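Chemist: Please read through the structure below; I'll follow up with questions.
The values are calculated or read from the model by the stated rules, or taken from the named source; none is laboratory data. From a predicted model like this one, the values you see are computed outputs, not experimental measurements. Positions of Cβ are generated from backbone atoms using ideal geometry, with glycine treated the same way; all protein chains shown enter the neighbour counts.
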Amino acid sequence: MLPNPLLSAALSRLKPWSRRLRTSPLGYRLAAGAFWSLGGALSSRALALLSTILVARILGARGFGELGLLQGTVGLFGTVAGFGLGMSSTKYVAELRRADPPRAGRIITLAAVTSWATGAVMALALALAAPWVAARALAAPQLAGLLRLGALLLLLNAVNGAQTGALAGFESFKTIAALNLIAGLCSFPLMLLGAWRFGLPGALCALVASAALNCLLTSAALRAEARRHALPLTTRGAWREWPVFLRFNLPGVLNSVLMAFSAWAGGAFLAHQPGGYAGLGVLNAAKRVQQLPEALITTALAPMLPVLSEAFARNDDAAARKTVTLAFLIAILLTLPFALLQIGAPWLTLLPYGATYQGGQPVVQWVILGSIASALLWPLGNIIISLGRMWFAFALILLYTVLFLGLGWLLIPAYGAAGYAAASAAAFILGNIPCVLFLYARLGPVMRAFKWGATLGFTAALALAAFAASRSARPWLGLAIGAAAALAFAAWRIYATVRTARSRPAPPASATSAPIPGPVATLQS
């Protein structure tokens, strides 16, 4: 237990932050949403990672690679089935739930009906195309039956995506956290039992069962939330909202299709190489560890899209700047210390998976480099989406796809899974240069406020130091340097944030956010 003087000193340091949070409506909304999102995600994702490690050990590298490619194929068809309905539901429910409740209800209803329709069509398409896809694209005709089973997973995920997006628009993050926890608790024993007793088919059946349960629970929660906000869920007049979906969703769907297609095409190309499925297993294992902090970012930043969309709708520049700054801080603190440690000690990432996954350290380092770039750029992408600049986002993803496929064609035959990961990381970094330039040109004060350039430079220097240490014959040296880099980054970023916060006076208790003309209005023009 801390001595009383130390405890008193610590609490006195926290009081200004607590007072600032309580007196800021925007800060309270973001903090409450992030707390519940992170709580549910941390527990469910930790269980998911543990079950993934155990399932990977049961199936072996090849079987785990097959499972990953099955999920990737289902995901490719699922991006069309989802039709971007989750993101559009979040955006428009957040904007309209107070301003126009009947219209918000129509959008929720239309999203639900559309998700069932598009999900059913794409599930049927996958079931019919399964023999050709398995034999020709995946070089594994024995997977045709499992692809047909995956069609059911596709349908359930499409429906659940639209429902969860609407819940996020209500800012029901406590409810989403509870649903995530329940899904994680149920999925864990199902995955282990299925993989242990029935191998790959059992693991896939467990995923379908978990998705079905989650879909039912989310549907009940969404109806309860709509009743609480007095939103009528009716099909009457819902079809009038189709132009909204077409204007916002079409580029969003194309974005998702391009991302899913590039990942799937790279995986299928790798599967055709000698030892390709074993390489996919190592790649899948590295990505699953990487996805833990990325999933935490996704859930922690879930409050950002509705809050930012509402701020942009009101031309509230001050609220938008605070939201983006906080989102950037959350993204980098959740990801970069963990990533720097893995750059220095990539063997640590694969250690839980067992001996068959060892030797894939270069794969881990390239995957983690992509994770670092994602953390630095994630909030910037949310700015583009919140502003409705979906066609610009589509151009960025198209550039990424072209770069990834080109680099993958050169690197995968020579380096296998490491070539895939290197092509993905390099394409992501190069493809987002126009995004950074655009936001510096149009939203320079915001970019400079959270020190994006300084963070990029410091992170790059620490990553190079950790990578150099990892090349040593002494594994403990890479681990020590990676840990030191992680601590140095966290300490620097927290110090910079505290220093910036102290330089700004706390708002009075009655202060509220008011529209301030500035970069938001400029960006929307």
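Chemist: For R98, state whether it is in a loop (DSSP other than H, G, I, E, B) and either in contact with a strand residue (DSSP E or B) (Cβ under 7 Å, 6 or more places away or on another chain) or farther than 16 Å from L152 by Cβ (or both). Before the answer, list the steps.
Modeler: Working: in a loop (DSSP other than H, G, I, E, B): yes; either in contact with a strand residue (DSSP E or B) (Cβ under 7 Å, 6 or more places away or on another chain) or farther than 16 Å from L152 by Cβ (or both): yes.
Yes; evaluated as a whole, the condition is true for this residue.
Chemist: Please indicate, with yes or no, whether at least one residue in segment 86-98 is of a type in the set (F, W, Y) and over 23 Å from the mean Cα position of the chain (by Cα).
Modeler: no
Chemist: While we're here: Any chance you could count how many residues in segment 168-192 are assigned to a helix (DSSP H, G or I) and surrounded by 24 or more Cβ atoms within 10 Å (Cβ to Cβ)?
Modeler: Matching residues across segment 168-192 total 5.
Chemist: Further, regarding this structure: Among the residues in segment 497-518, are any within 30 Å of G359 (Cα to Cα) and either in a helix (DSSP H, G or I) or modelled with pLDDT of 70 or more (or both)?
Modeler: Within segment 497-518 (the criterion being within 30 Å of G359 (Cα to Cα) and either in a helix (DSSP H, G or I) or modelled with pLDDT of 70 or more (or both)), the answer is no, since none of the residues qualifies.
Quick grid of which residues meet (1) surrounded by fewer than 19 Cβ atoms within 10 Å (Cβ to Cβ); (2) assigned to a helix (DSSP H, G or I); (3) in contact with a Cys (Cβ under 8 Å, 6 or more places away or on another chain):
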| position | (1), (2), (3) |
| --- | --- |
| L439 | no, yes, no |
| A454 | yes, yes, no |
| G457 | yes, yes, no |
| A466 | no, yes, no |
| S472 | yes, no, no |
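Chemist: Conditions: (1) part of a helix (DSSP H, G or I); (2) of a type outside the set (S, T, Y); (3) at pLDDT below 85; (4) surrounded by fewer than 20 Cβ atoms within 10 Å (Cβ to Cβ). V113 meets all but one. Number of the miss?
Modeler: The one condition V113 does not meet is (3).
Each row is one residue, and each column tells you yes or no for (1) closer than 30 Å to L280 by Cβ; (2) touching a helix residue (DSSP H, G or I) at 6+ places or on another chain (Cβ under 7 Å); (3) at pLDDT below 90.
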position: F328; (1), (2), (3): no, yes, yes
position: T335; (1), (2), (3): yes, yes, yes
position: L351; (1), (2), (3): yes, no, yes
position: A375; (1), (2), (3): yes, yes, yes
position: W391; (1), (2), (3): no, yes, yes
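Chemist: For segment 324-358, which residues satisfy the criterion of being touching a residue at least 24 places away in the same chain (Cβ under 8 Å), closer than 18 Å to G478 by Cβ and outside any helix (DSSP H, G or I)?
Modeler: A345
Chemist: Quick check: is even one residue across segment 467-482 of a type in the set (F, W, Y) and touching a Ser or Thr at 6+ places or on another chain (Cβ under 9 Å)?
Modeler: Within segment 467-482, the first condition is being of a type in the set (F, W, Y), and the residues that meet it are 467, 476.
Next cut, touching a Ser or Thr at 6+ places or on another chain (Cβ under 9 Å) only: none.
Checking segment 467-482: not a single residue is of a type in the set (F, W, Y) and touching a Ser or Thr at 6+ places or on another chain (Cβ under 9 Å).
Chemist: Quick one: which residue in L250, L217, L270 is within 29 Å of I182 (Cα to Cα) and of a type outside the set (D, E, K, R)?
Modeler: Answer to the selection: L217.
Rundown of residues vs (1) more than 20 Å from A263 (Cα to Cα); (2) out of contact with any Pro (no Cβ under 7 Å at 6 or more places or on another chain), yes/no style:
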position	(1), (2)
W391	yes, no
G406	no, yes
L411	no, yes
A418	no, no
N432	no, yes
L437	yes, yes
G444	yes, yes
G457	yes, yes
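Chemist: Can you name the number of the only condition in (1) crowded, with 16+ Cβ neighbours inside 10 Å; (2) part of a helix (DSSP H, G or I) that P243 fails?
Modeler: (1)
Results for (1) free of Cβ contacts under 8 Å to residues at least 12 places away in the same chain; (2) within 28 Å of A490 (Cα to Cα), shown as yes or no for each residue.
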| position | (1), (2) |
| --- | --- |
| W391 | no, no |
| F450 | no, yes |
| G457 | yes, yes |
| A466 | no, yes |
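Chemist: If Q524 satisfies every condition in (1) over 26 Å from the mean Cα position of the chain (by Cα); (2) polar (S, T, N, Q); (3) modelled with pLDDT under 75 but one, which is the exception?
Modeler: Just one mismatch for Q524, condition (1).
Chemist: Which condition breaks for L405 when tested against (1) closer than 19 Å to V367 by Cβ; (2) buried (at least 20 other Cβ atoms within 10 Å of the Cβ); (3) touching a residue at least 40 places away in the same chain (Cβ under 8 Å)?
Modeler: Condition (2) is where L405 drops out.
Chemist: I need every pair where a residue in segment 73-86 that is touching a residue at least 60 places away in the same chain (Cβ under 8 Å) has its Cβ under 9 Å from the Cβ of a residue that is not in a helix (DSSP H, G or I), sequence separation at least 6 or different chains.
Modeler: T73/L138
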